[in-house]
Every structure is written in C-alpha cells, then in structure tokens.
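A short worksheet on the structure shown next.
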Amino acid sequence: MAHQWRGVIREYAERLPVTEATTVITLGEGGTPLVHAQKLSELTGSQVYLKVEGMNPTGSFKDRGMTMAMTAAVEAGAKAVVCASTGNTSASAAAYATAAGLKCAVLVPEGKISMGKLSQAIAHGATLLQVDGNFDNCLDIARKLGDSYPVFLVNSVNPARIQGQKTGAFEVVDALGDAPDIHVLPVGNAGNISAYWKGYKEYSAPYESATAGTLAAVSTKTPAMWGFQAAGAAPFVAGHPITEPDTIATAIRIGNPASWDTAIAARDESGGLIEAVTDEEILDAHRWLSSKEGVFVEPGSAAGVAGLIKKHAAGEVPTGKTIVITVTGHGLKDPQWALRTADGSEVQPVKVPNDVVTVATELGLDAR
Ligand SMILES: *Cc1c(COP(=O)(O)O)cnc(C)c1O
C-alpha cells in the first residue's frame, strides 16, 4: 500500500520531544522534494540539489517548526499564540493555529510584507497588526507579550521550532544516503541554519533511542554550512546588529537575528561561512532558478543560490562535491518579481487578435 507521509513529527518522532500520547498538530508538512539542479551542477562541476521548501503546506519551511510549536502550545494548554513575522511565520502560525483551534495574533512590520503572505494570515483568521517598526521591533513586542500576557510565543526563539526545522537535514541525508559536503541556505533570523546544523550533528552521531536502544549514526560526516544574507541586512557579515536592515528580500530583512550564537556556532563548527549577496545577485539567482531549473521561489529563497553562483565566480566552489541548497519559500508568495526583466522593466504579455494565423506568425511558426 502507498505510504502517506504523516508530517515531520510522526515521521521523526523518535528524534523529537514528543511521545505516543502527544496530540500532534500537523498539516502534513515536510517530505519535500530534493531536486537535482542540472544547470547549477553543470556550472559548478559539483552535484547540486535544491531542497524545495516551497512545497510545504503554507509554502515555506516555517511549517516544519510550526507543527512542533503548535503541538507544544496545545500541550501547554495555551488558548492563543502570538508571533512576529516578515510574512511566512505569520502564514504558517495562522494555518497551524486554525488546525489546533487556537486564536492567533501576528505582528508584521508595516509595508514590507508580500500580498501572498498577508492574504494567508487573513484567510486563516489571524488577528494581524501592522507595527510601525521593523521585524526586530515586532519580535521584541511578541517576546514581551509571551512573557507577561496569556499568549504562547511561536517564533523560532521557541526551541520547539528549531526541533521541528532540524528535520530538513534528516530528509536530505535520508534522500542522499549521507550528508552533503556543503549545505547552502539564506540567513535571516538564523533559526534555520541553526536547525539544519543541529539536525546534521544529530544524524552523524550514535543515538540513544527511548524505544529502540542505541541507534548507529545515520551519516558518516557533516556538511560545511554556507549561509548568505542580503547585503543590506547582513549583521553576521558586519559582526554586529544592523538598525535599519534593507533589502527587497523581505523574508531575510532582519537586522538583529534571534539565533545569533547558534548560527555562529553552526558556521564555525562546520567549517562554513556566512557572507552577503546584493539584491541584484538575489534577483539574478531568482531568475536562474525559474528560467533554468524550473523551480519558482520567492526572492529571499534565492539568496543561497546567489551565494553559490558568486562563490563559483570567485573560484571558491570545489568540484566533484555534493551540495544542497535549501530554497526556503514558494515563488507564488511574492510573484511580482517574476514580471520584472533583468533591466528592470515590466514584462507585458503580447496582445493578439482572436485569429490562428496571427498567433502562429507571432510564435514564428510556418504552416506545415
Ligand atoms: C524565514 C525565512 C528565511 C530566513 O530563515 P531564518 O531561519 O530566519 O534565518 C528565509 N527565507 C524564507 C522564505 C523565509 O520564510
């Protein structure tokens, strides 16, 4: 019988802080495709794969953490959850809160959220407040609400989120048979790079299972973690928080990452790096993915690909390796970027009359 994917908690229950008795809040997240990127592989001379996280229920990797956070909220007896968001966390929190029967409040920075993400939070019935401030200000308020009011915080400062997100690394190893040599991803609040590193470390070590005794290590190695930030929002590159982060890649428009220490540890323990790419490089990579690989992502998601292309151009990508890039969110979240050409002009559809000969001429076709 065909196996129905049960969501990351049930698939990886053995390695998550849950029991058989836990009431799991899931929308079937995880189990996302690992797509061989043919053109990036040709470019670099390594085998490059894309972990396509836009295929999650709400269109981003945030669902992996949200299933855990919402499950923890229900376990704690919460009646309402709150989060700060650049967009995708709010979309995910709103959907999972609905599944859990909880109220959801989301704080978003004024004017910097894509329509797709806003509409998701609204559609799922969240109370959405636009704060006159940036993401970092929103997170500050959300944390204080969680501390002093009867609401449960579901941002990635909640350790349950990181636990859920580490399953991305498990899936990569399970698909490839071992860890890749390099894992590339965008860095914003830095929860995801921390979570992947946690997942890779856990899979490379023997494991004391609660039910099955000692399990052998699943992978023989861990990858170098390569994180990329947007140049206008690159606190790890600067070495200090940025007060006015600015980039078109709204998902990573964060100046004061909450998971600062764990991201630095991921970079250093793995022998990796965190560098910056410009908005133009991000948009070029966004276009590369859609036009050469057939994978449509939102701009922030393309930062890892932009980074790999940049490092390759600098002669700093080894050949003959296995490289995985997490592309974090779906292109339909923020579709207007596809309608902009490399020179910045708007793409307009060609208008034709209702006539086959004109249409054929316009397509450059000669009659058989
Ligand atoms: C949240 C998000 C990021 C950044 O992830 P962090 O864990 O905050 O570093 C990148 N891309 C997309 C699409 C996101 O939603």
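The values are calculated or read from the model by the stated rules, or taken from the named source; none is laboratory data. Predicted, not measured: the structure shown is a model, and the values here were computed from it. Every residue, glycine among them, receives a Cβ derived from its backbone with ideal geometry; neighbour counts consider all protein chains shown.
Of everything in the range 310-345, what is in a helix (DSSP H, G or I), within 17 Å of the chain's Cα centre (by Cα) and among the hydrophobic types (A, V, I, L, M, F, W, C)? Give them in sequence order.
Residue satisfying the conditions is Leu332 alone.
Consider Lys221 carefully, then state whether it is modelled with pLDDT of 95 or more, in contact with a helix residue (DSSP H, G or I) (Cβ under 7 Å, 6 or more places away or on another chain), more than 15 Å from the ligand (Cβ to nearest atom) and of a type outside the set (A, V, I, L, M).
no
Answer yes or no: is there a residue in the range 348-355 that is away from the ligand (no atom under 15 Å from the Cβ), outside any helix (DSSP H, G or I) and among the aliphatic types (A, V, I, L, M).
yes
So Gly300 clears everything in (1) surrounded by 14 or more Cβ atoms within 10 Å (Cβ to Cβ); (2) more than 17 Å from the chain's Cα centre (by Cα) except one condition, right? Which one?
(2)
Looking at (1) part of a strand (DSSP E or B); (2) away from the ligand (no atom under 16 Å from the Cβ); (3) closer than 22 Å to Thr26 by Cβ, which one does Leu128 not meet, given that it meets all the others?
Among (1) part of a strand (DSSP E or B); (2) away from the ligand (no atom under 16 Å from the Cβ); (3) closer than 22 Å to Thr26 by Cβ, the lone unmet condition for Leu128 is (3).
Go through the range 1-42 and count every residue that is farther than 20 Å from Ala195 by Cβ and touching a helix residue (DSSP H, G or I) at 6+ places or on another chain (Cβ under 6 Å).
Residues that pass the stated criteria total 3.
Quick grid of which residues meet (1) modelled with pLDDT under 95; (2) touching a Phe, Trp or Tyr at 6+ places or on another chain (Cβ under 8 Å); (3) farther than 29 Å from Lys201 by Cα; (4) crowded, with 22+ Cβ neighbours inside 10 Å:
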{"site": "Ser259", "(1), (2), (3), (4)": "no, no, no, yes"}
{"site": "Ala266", "(1), (2), (3), (4)": "no, yes, no, yes"}
{"site": "Glu269", "(1), (2), (3), (4)": "no, yes, no, no"}
{"site": "Thr278", "(1), (2), (3), (4)": "no, no, yes, no"}
{"site": "His286", "(1), (2), (3), (4)": "no, yes, yes, yes"}
{"site": "Ser291", "(1), (2), (3), (4)": "no, no, yes, no"}
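Can you tell me which of Leu185, Leu153 is closer than 30 Å to Gly232 by Cβ and out of contact with any Ser or Thr (no Cβ under 8 Å at 6 or more places or on another chain)?
The match here is Leu153.
If a residue must be part of a helix (DSSP H, G or I), touching a residue at least 24 places away in the same chain (Cβ under 8 Å) and touching a strand residue (DSSP E or B) at 6+ places or on another chain (Cβ under 9 Å), how many such residues does the range 40-65 contain?
Of the residues in that region, 6 qualify.
From (1) within 16 Å of the ligand (Cβ to nearest atom); (2) of a type outside the set (Gly, Ala, Ser); (3) over 21 Å from Ser301 (Cβ atoms); (4) buried (at least 20 other Cβ atoms within 10 Å of the Cβ), pick out the condition that doesn't hold for Pro109.
All conditions are met except number (3).
Would you confirm whether any residue within the range 88-98 is under 23 Å from Ile25 (Cβ atoms), more than 15 Å from the ligand (Cβ to nearest atom) and at pLDDT 95 or above?
yes
Anything in the range 72-87 that is over 22 Å from Val327 (Cα atoms) and either within 16 Å of the ligand (Cβ to nearest atom) or surrounded by 24 or more Cβ atoms within 10 Å (Cβ to Cβ) (or both)? List them, or say none.
Those that are over 22 Å from Val327 (Cα atoms) and either within 16 Å of the ligand (Cβ to nearest atom) or surrounded by 24 or more Cβ atoms within 10 Å (Cβ to Cβ) (or both): Ala73, Val81, Val82, Cys83.
Go through Thr214, Thr247, Thr167 for me and flag whichever is without any contact (Cβ under 8 Å) to a residue 12 or more places away in the chain and either crowded, with 18+ Cβ neighbours inside 10 Å or among the hydroxyl-bearing types (Ser, Thr, Tyr) (or both).
Thr214 is the lone residue from the list that is without any contact (Cβ under 8 Å) to a residue 12 or more places away in the chain and either crowded, with 18+ Cβ neighbours inside 10 Å or among the hydroxyl-bearing types (Ser, Thr, Tyr) (or both).
Within 22 Å of Ile113 (Cα to Cα), in contact with a Ser or Thr (Cβ under 7 Å, 6 or more places away or on another chain) and part of a helix (DSSP H, G or I), is that true of Gly232?
yes
For the range 89-137, which positions are free of Cβ contacts under 8 Å to residues at least 40 places away in the same chain and of a type in the set (Lys, Arg)?
Lys103, the sole residue that qualifies.
Can we say Tyr49 is in contact with a His (Cβ under 7 Å, 6 or more places away or on another chain) and either within 16 Å of the ligand (Cβ to nearest atom) or at pLDDT 95 or above (or both)?
yes
Of the residues Val82, Val108, which is modelled with pLDDT under 95, of a type in the set (Val, Ile, Thr), over 16 Å from the mean Cα position of the chain (by Cα) and not in a loop (DSSP other than H, G, I, E, B)?
One residue alone meets the criteria, Val108.
Against the definition (within 19 Å of the chain's Cα centre (by Cα), farther than 24 Å from Pro299 by Cβ and within 16 Å of the ligand (Cβ to nearest atom)), how does Gly199 come out, yes or no?
Taking the combined requirement at face value, the residue satisfies it.
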